[in-house]
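The values are calculated or read from the model by the stated rules, or taken from the named source; none is laboratory data. The structure presented is a predicted model; accordingly, all values stated were derived computationally and were not measured. Neighbour counts are summed over all protein chains in view; Cβ atoms, including those assigned to glycine, are modelled from backbone coordinates with ideal geometry. SASA here: full protein model, heavy atoms, side chains in, ligands and nucleic acids out. Shrake-Rupley method; radii C 1.70, N 1.55, O 1.52, S 1.80 Å.
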There are 2 protein chains.
Amino acid sequence: MGIQERKVREKEHRREEILDAAQKIFFEKGLVAATMDEIAEQAELSKGTLYLYYRSKEDLYLAIFMRGQEVLYELFRRVIEAGGPVPRVLARLGDAYIEYFERYRSYFRMMRFFETPEFHRQVSTEMRDACDVVNQRIWDLVIGFLRRGIEEGLLRRSLDPVEIAVIFWSSATSLMIRADAEEHEWHSRMGIDLSSTLRRSNTLFLESVLTGEGKAEVRDLLLPS
Amino acid sequence: MGIQERKVREKEHRREEILDAAQKIFFEKGLVAATMDEIAEQAELSKGTLYLYYRSKEDLYLAIFMRGQEVLYELFRRVIEAGGPVPRVLARLGDAYIEYFERYRSYFRMMRFFETPEFHRQVSTEMRDACDVVNQRIWDLVIGFLRRGIEEGLLRRSLDPVEIAVIFWSSATSLMIRADAEEHEWHSRMGIDLSSTLRRSNTLFLESVLTGEGKAEVRDLLLPS
DNA sequence: GTATTCACTGACTCGTAGTCATTCATTTAT
DNA sequence: ATAAATGAATGACTACGAGTCAGTGAATAC
């Protein structure tokens, strides 16, 4: 009966090998410029074989995106598990996201496509669903934490934890996308440094969700009014 | 000498006709799904002719994007010219952007591509530059207004008007992109209504940039702490 | 009446995602 | 030991769309 198991193992291994090859090419060239022929060559397999393991170029891309989401989950989990006062942990979550942006830039960049409907239409439902699961874990982690903050009276009671999470995440992401691609342009045309802007945005956001009591906890992190 | 002028006029007219045809197709199908053959058919011209007027599919797309930017400029200009207390006008600018998102959805959607480096690489420098000019006018308009607010002591002096503009714009845009494409999903999976979240985000942002004096001006618009 | 110009054409090239009939090695049945 | 069955892997092939360019014909100039 060992043969069946070995075959399953080998198949999974092959799947990972393909993913490694695809990751290398996608990281180097991006989704559009990368070709399946190149990935096949990198994987030392024929193009046809790739399609035995992944339904489409986009499925392959999404599978790699999921690796990135795992990394992000770990970063957030560590910050939350380290504990401390809610406002301070919230600030650290912002820093963790910036760390993801800076240290795992290639994974970060993949989020851009995750946002486009054109991309999603190419993805198989199975891959989509698998991705949603990984994603939901991140949201649940963060939202659960925010809920605690509200119960403890450190975050404003008039806010919804889900909304706070979404607002924080989208504004940070949006600035990062810009900082990633257009940092230099913004500096020369508008005279600002988007990395600082990103940090300032996080600070402003933090201030805006804390109660008076919450603000007292992190007075040192806030801006002068 | 009238012949030269007539020819120039006709050429400009043709350029507009092509733009109209392209707009129809792009609005219906989006950048990726739309084909130059379809656009040519809509314009009742051959594909080759399109390339006599626009360098690439992306140039054509960007030319339409610029039409949208003109509309946005007008919306903002009207709000600012109508005048009133800075904090209230700032809130109205947020509403104007939401109006752009809701009433000019097809133009709004084009911004997504404006953000991707893959797209930019396809665009000719001339079109790029033309686009930057239109864009800059919007930024100058808004930033000039914010600067006034700071001078009047209604917006926090520790903030940079350019940064405020960028932060506000990116967080709103990011939520809109999500609201546009994934409204339903977010509602069923996370139980939130992204349109409300967008408005709440704007309110939070407004609060966070106003001084005490500024907040007093728009007490009715803010959330309970 | 002839030459020139120029907007326009559409068949063509080129590149790439995805397919499928075929090959070949491994496993199973006798 | 040999034949049949399985299924992983192949690569030539199709489909399709962006962009090109030699050629056409009508308006204009001489």
For A:F101, the accessible surface traced by a 1.4 Å probe with all protein chains present amounts, in square angstrom to the nearest 10, to 10 Å²
Overall form of the protein assembly as shown per C-alpha gyration tensor (a/c, 1.5; a/b vs b/c): oblate
For chain A, what % of the accessible area comes from carbon and sulfur atoms, probe 1.4 Å? 50 percent
Keeping all protein chains in place and using 1.4 angstrom, which order do A:K47, B:K7 fall into by accessible surface area, from largest down? B:K7, A:K47
Can you give the accessible area per residue of chain A, in Å², using a 1.4 Å probe? 47 Å²
Equivalent-ellipsoid semi-axes of chain B, from the Cα gyration tensor, Å, largest first: 38, 22, 14
Approximate spin-label separation B:R15-B:R128, in nm, with each point projected 7 Å along Cα-to-Cβ: 2.0 nm
Using a 7 Å Cα-to-Cβ projection, B:V133 label spacings across copies, nm, ascending: 5.5
Enter the Cα centre distance for the pair the stretch B:4-21 and the stretch B:115-150, rounded to the nearest angstrom. 26 Å
As I understand it, the value is the acute angle between the Cα axis of helix B:86-103 and the longest principal axis of the Cα atoms of chain B; what does it come to in degrees, rounded to 10? 40 degrees
When the helices in chain B are scored as -39500 (n - 2.57) per DSSP H run of 4 or longer and the sum is shared across all residues, what 222 nm value do you end up with, to the nearest 500 deg cm²/dmol? -27500 deg cm²/dmol
Can you check what the net charge comes to around A:E10, using other residues whose Cβ is under 12 Å from the Cβ of A:E10 (Lys, Arg +1; Asp, Glu -1)? +2
What nm distances, shortest first, do you get from the label point of B:D180 to those in the other copies when the point sits 7 angstrom along Cα to Cβ? 1.9
Find out how many positive minus negative residues lie around B:E126, taking Lys and Arg as positive, Asp and Glu as negative, among other residues whose Cβ is under 12 Å from that of B:E126. -1
From the label point of B:K7, set 7 Å from Cα along Cα→Cβ, how far away are the matching label points in the other copies, in nm, ordered shortest to longest? 7.3
Among residues other than B:S188 whose Cβ falls under 12 Å from its Cβ, what is the net charge (Lys/Arg +1, Asp/Glu -1)? -4
Listed by chain and number, the residues whose amide H is under 5 Å from that of A:L155, excluding neighbours fewer than 5 places away on the same chain and using placed H, are A:I150, A:T211
Buried accessible area between A and B (1.4 Å probe, both chains summed, ligands and nucleic acids excluded), in Å² to the nearest 100? 4300 Å²
Looking at the stretch A:161-225, which GluC sites (Glu not before Pro) are DSSP coil and have at most 14 other C-beta atoms within 10 Å of their C-beta? none
Out of every Cα-Cα pair in the stretch A:124-225, what percent are more than 17 Å apart? 63 percent
GluC sites (Glu not before Pro) restricted to DSSP loop in the stretch A:1-106 with at most 16 other C-beta within 10 Å: A:E44
Please compute the average number of Cβ atoms from other chains found within 10 Å of each residue's Cβ in peptide B:187-197. 3
Report the FRET efficiency, 1/(1 + (r/R0)^6), for A:L52 and A:F119, where r is their Cβ-Cβ distance and R0 is 25 Å, rounded to 0.05. 0.65
Any trypsin sites (Lys or Arg not before Pro) in the stretch A:106-207 that lie in a DSSP loop and have at most 14 other Cβ atoms within 10 Å would be A:R157
